[in-house]
Every structure is written in C-alpha cells, then in structure tokens.
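Below is one structure, written out as structure tokens; comments come after it.
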Amino acid sequence: MLFDLTGKTALITGTSGGLGQAMAVGLAQAGANIVAISSSNSDHTVELIRANGGQIEQISADLSDAEGLNEVFAKSVGFFGQIDILINNAGIIRRTPAALHSQQDWYDVIDLNLNSVFFLCQLAGTHMIERGSGKIINIASMLSFQGGVNVPGYTASKHAVAGLTKALANEWAGKGLQVNAIAPGYMETNNTAPIIRDEKRYTSITERIPAGRWGTPEDLVGPAVFLASKASDYMNGHVLCVDGGWLAR
Ligand code: NAD
C-alpha cells in the first residue's frame, strides 16, 4: 500500500515521449490519474495508459510562456478536481560553447527549465497547501552538481532547480507537502540523441558509468513512484540521483 497512488492525480509535464512518458505510464500503473502537458502532443502516452485501463487527459501548451500558466493549471485541476502530485519534467538543452551561447538560447532554456518550474510549483504548491498535502518532484540532472561542457544555460537552470527544490521544501514541509527532485544520469532519449550519435563520446560516457550502461526512461519509474507516494512522506528537499553510479565515481 505504501506505493499505491489510487485516487491521486498527477500533473506531469513533458509527456510526449522520453522520461515524462515513462513516468506518466508508471504512475498510472500505480493507480494515479494523469494530466499530461507537452508542447507537442502526448497521443502515444494517452494510448499506452488507456490501453491499460488508466485515466489520462492531455493539454498541449508551451510552458515557457509564463503568461499562460495560470490557465493551464486551472484547466489541469478541472479534469479530475485536484492535483496531488506535480512532476516538473519538461526541459530542453542547447549545446553551444559559452562564448557563442546566444541570448535566445539562454532565455529559451531558462524560461522552460527554471521559470516554468518555479511558476508551476507556486500554482500547485498553493493548491496543495490549501488541501494540506501534496508531492512535488522536479527533474534535475547530473548538471545540478557538475558543470558540463558547452551547456552553460542548461547547467545554470539545473543547478537552480536543485536549489529551488530545497528552498520550497523548507517552506512547505511543515504544511504537509514534500518537495524533492530526481537527478537522472545519462538516459537514452531525444535530449541525448546527439551524444548517442557521437560514437566516441557515447562509448567514453558508457565506460565511465559504474553500471556499465546508459539509463532507460523506465529506470526513472520506481524512483518517481516512490517520491510520489506515501513511502516518501518524511523526505524533503532531497535530490535523488538515478545515474547508474555516475556521481559516485
Ligand atoms: P525529451 O526531449 O525526450 O522530452 C522533453 C519533453 O519536454 C517532451 O515531451 C517535449 O514535448 C517537452 N517540451 C519541450 N519544450 C516544451 C515546452 N516549451 N513546453 C512544454 N513542453 C515542452 O527529453 P527527456 O530526456 O525525456 O528530458 C526530460 C527531462 O529530464 C528534462 O528536464 C531533461 O533536462 C531531464 N534530464 C534528461 C536527461 C537525459 O539523459 N535524457 C538527463 C538528466 C535530466
């Protein structure tokens, strides 16, 4: 029962594929109703969940448009009447050396990876505080801890996501909310496709991962269900690394 999400509603962003799709399917299997938000459609995610008898509704929205977030959140609450779990997963990366990183790339990354995360936390946090409980899971990165190469905006955004997670946990832990983050290691998705195509880089990264392989989207499901469930009720402000041992090395 510790991991049962029956009767809970999870709002998950970035659900058209990759990590967001796997977490949506996993939380639905654990019993949650899903509200899926992506800039591109989440039709496949909807099919996967409904085929298993799960409940899901989707919204197409560009979350980097801060002005639209109030409406998106209100619509999300409207589907099932409440939001118990928020997973801020939508994120983008722009790979350009720091000296050449354009203002457009910088703002595009920060607007989605950081600003939308804070504003959705505010909206969901307010809603959850009124109800006296809630789970927020922000998707961080190895680049919440390390500097990375050629991704200054992404690294800045993911360091900030880790800090924001702790700041919100401090404020909201006493109000019945748990705010935590998951920091995935190298996972095979669209986000990492350019690195996967670069055989030399792919191999050198694989060799550095103690587990000896890249992660799959399914590797995030257990940790996400755990942080979304009663099982993690005394966890606050934690950044849970799911990285095959990358940071331990
Ligand atoms: P992905 O590119 O496969 O998926 C990103 C999702 O975000 C897609 O559903 C896309 O539609 C959505 N999205 C993009 N821009 C959006 C916008 N403006 N508004 C709404 N939705 C938008 O990437 P992924 O690897 O599944 O990444 C998911 C999260 O995990 C991101 O925050 C990413 O930074 C993080 N992450 C990924 C890895 C990895 O190795 N893949 C590692 C660490 C962290």
For the range 9-242, what is Rg from Cα atoms divided by 2.2 N^0.38 Å, rounded to two decimals? 0.97
Need the full-extension length gain, Asp4 to Val77, defined as separation in residues times 0.36 nm minus the C-alpha distance. One decimal, nm. 24.2 nm
In this structure, the FRET efficiency calculated for Gln103 and Arg201 from their beta-carbon separation, with R0 = 35 Å, to the nearest 0.05, is 0.80
How large is the helix-only mean residue ellipticity at 222 nm for the chain, computed as the sum of -39500 (n - 2.57) over DSSP H runs with n ≥ 4, divided by its residue count, in deg cm²/dmol to the nearest 500? -12000 deg cm²/dmol
When each pair of different Cα atoms in the range 102-190 is counted once in the 1/r mean, what is the Kirkwood radius in angstroms, to one decimal? 13.7
Cross-link candidates for Lys166: which lysines have Cα within less than 16 Å, leaving aside residues fewer than 8 places away along the same chain? Lys135, Lys158, Lys175
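Only the coordinates and a few stated rules stand behind these numbers; no lab work does. The structure displayed is predicted, hence computed values, not measured ones. A quick note on method: Cβ atoms are made from the backbone with ideal geometry, for glycine too, and the neighbour counts reach across all protein chains shown.
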